[in-house]
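Peer 1: Mind looking over this structure? Questions follow.
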Amino acid sequence: MSGNKQILLVNDLAGYGKVALSAMMPIMSHMGFEIFTLPTALVSNTLDYGKFEILDTKDYIEKTVNVWNELDFSFESIAIGFIASDEEADILADFCDKQSKKGTFIFVDPIMGDDGRLYNGIAKNAVENRKRLLKFANLIKPNFTECCLLTDMEYKKEGFSKEENEVMLRKLIGENQSSAVITSVPFEDKKYCLCYDADTDKIAYIEYDEIDVRFPGTGDIFSAILVGDILGGKSLFDATSHAIKVVRNMINANIKNADKYRGIPVEQYLDLV
């Protein structure tokens, strides 16, 4: 994938807080990418505050994609994060279908929940509309909760056995045989990223130390590093290890922040990338 330096970021844009597009754009610009954007929602602030306003941009997305198709625009890579509705999922699935046939690398982060439950403001139909995008993905990055939802496996806080983890992984990638990184996987009283590299057909457990603090947007930071490294030529396992390191260092550098719901001001810590 080395040399692939053009990317379309499909994600929400928060007015208050460093998440989604606001977190990914500075990092991927710093990594040398030419960035294009397609906002899936305008969000008043990060959802952690409990009160928020979300503007679904499905009409804008539909009209924009129609214009892009008429102009025959194509992208070397696409990274999809938060989507706001079934309609958006349908539009984006059709768009990804067309783009994938041109050789576009497609990454999907099916953002919808954590800790065994859906996020604030996320409806139950989110599971099905995320599934529509997975069959076009070269790389999928759910967390453990999202993976359980996508594979119809019952969430267990303590995690699964090694055999159950492999069943879950195989269900996730399905017939598409995409690569996958499942984050926040509990296994034998530790936390791991469970990775499957479709190019080598190898599975790896990459352990990390969990920091007992929550910053919204760390998943977006992880995605930006992961995708950036892979498109830059790194292996899936090396890219995952690097993403873990960057997120850990950024959290530690901001751990004393009074308002963690604002996320991490990534522009101030690009030297850690």
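The values are calculated or read from the model by the stated rules, or taken from the named source; none is laboratory data. None of these values were measured; they are calculated from a predicted model. Note: ideal-geometry Cβ built from the backbone for every residue, glycine included; neighbour counts use all protein chains shown. What goes into the accessible areas is simple: the full protein's heavy atoms, side chains included, and nothing from ligands, DNA or RNA. Shrake-Rupley method; radii C 1.70, N 1.55, O 1.52, S 1.80 Å.
Peer 1: Just to verify a number: FRET efficiency for residue 155 and residue 37, C-beta to C-beta distance, R0 = 45 Å, to 0.05? Show your work: numbers first, answer last.
Peer 2: On the way: r = 33 Å, r/R0 = 0.73.
That gives a FRET efficiency of 0.85.
Peer 1: Compute the accessible area per residue over the stretch 206-273, keeping the other protein chains in place, probe 1.4 Å, unit Å².
Peer 2: Accessible surface, normalised per residue, equals 46 Å².
Peer 1: Tally up the carbon and sulfur contribution to the accessible surface of the stretch 122-242 as a whole percent, 1.4 Å probe, everything protein left in place.
Peer 2: It is 44 percent, rounded to a whole number.
Peer 1: If you don't mind, there's one more thing I want to ask. Among 151, 177, 216, whose Cα projects farthest towards the positive end of the dipole of the chain, with charges put on the beta-carbon of Lys, Arg (+1) and Asp, Glu (-1)?
Peer 2: Ranked along the dipole, the leading option is 216.
Peer 1: Name the long-range amide H neighbours of residue 20: under 5 Å, sequence gap of 5 or more, or other chain; modelled H, no Pro or chain starts.
Peer 2: The list, which skips near neighbours in sequence, is 220.
Peer 1: Hey, how many Å between the Cα centroid of the stretch 131-165 and the Cα centroid of the stretch 51-90?
Peer 2: One Cα centre to the other: 24 Å.
Peer 1: Normalised by the residues of the chain, what does the relative contact order come to in percent, with Cα pairs under 8 Å and at least six apart? Don't skip to the end; give the middle numbers.
Peer 2: Values: 506 pairs, mean separation 53.7, N = 273.
The value is 20 percent.
Peer 1: Can I ask one more? Taking the Kirkwood radius as the inverse of the mean 1/r across Cα pairs, report the Rg/Rh of the stretch 10-54.
Peer 2: So for the stretch 10-54, dividing Rg by the Kirkwood Rh gives 1.03.
Peer 1: Checking a compactness column here: for the stretch 1-139, what do you get for Rg(Cα) / (2.2 N^0.38 Å), N being the number of residues?
Peer 2: 1.02
Peer 1: Once you treat every alpha carbon in the chain as an equal point and sum by Debye, what is log10 I(q)/I(0) at q = 0.08, 0.09, 0.11, 0.17 Å⁻¹?
Peer 2: -0.29, -0.37, -0.57, -1.56
Peer 1: Using the alpha carbons of the stretch 61-159, what is the convex hull volume per residue in cubic angstrom, as a whole number?
Peer 2: Hull volume normalised by residue count: 86 Å³.
Peer 1: Separation between the residue 175 and residue 114 pseudo-spin-labels, each 7 Å from Cα along Cα→Cβ, expressed in nm?
Peer 2: Reported label-point gap for residue 175 and residue 114 is 3.4 nm.
Peer 1: Taking the chain as a Gaussian network, Cα atoms linked when under 10 Å apart, which of 145, 218, 37 shows the biggest mean-square fluctuation?
Peer 2: Taking springs between Cα atoms under 10 Å, the residue moving most is 37.
Peer 1: Additional query: Can you divide the C-alpha Rg of the stretch 72-117 by 2.2 N^0.38 Å and report the result to two decimal places?
Peer 2: Working: Rg = 12.3 Å, N = 46, 2.2 N^0.38 = 9.4 Å.
My calculation over the Cα atoms of the stretch 72-117 gives 1.30.
Peer 1: On to the next question. Based on DSSP, what percent of beta bridges with both residues in the chain are antiparallel, to the nearest 5?
Peer 2: Here the share of antiparallel DSSP bridges comes out near 45 percent.
Peer 1: Per the Kirkwood treatment, what hydrodynamic radius in Å, one decimal, follows for the stretch 33-110 from the mean inverse distance over all distinct Cα pairs?
Peer 2: Result for the stretch 33-110, one decimal place: 13.6 Å.
Peer 1: Where the centre of each part is set by its Cα atoms, how far does the stretch 5-32 sit from the stretch 207-273, in angstrom?
Peer 2: Between the Cα centres of the stretch 5-32 and the stretch 207-273 lies a distance of 13 Å.
Peer 1: Right, next: Using the Cα atoms of the stretch 207-270 to build a convex hull, what is its mean projected area in square nanometres?
Peer 2: Averaging across all directions leaves 4.3 nm² for the Cα convex hull.
Peer 1: Turning to a different aspect of this structure: Between 197, 72, 86, find the one with the highest GNM mean-square fluctuation for the chain; connect C-alpha pairs within less than 10 Å.
Peer 2: 72
Peer 1: Taking the Cα centre as origin and putting +1 on Lys and Arg beta-carbons and -1 on Asp and Glu beta-carbons, what dipole magnitude results for the chain, to the nearest 20 debye?
Peer 2: Charge dipole, the chain, about its Cα centre: 340 debye, nearest 20.
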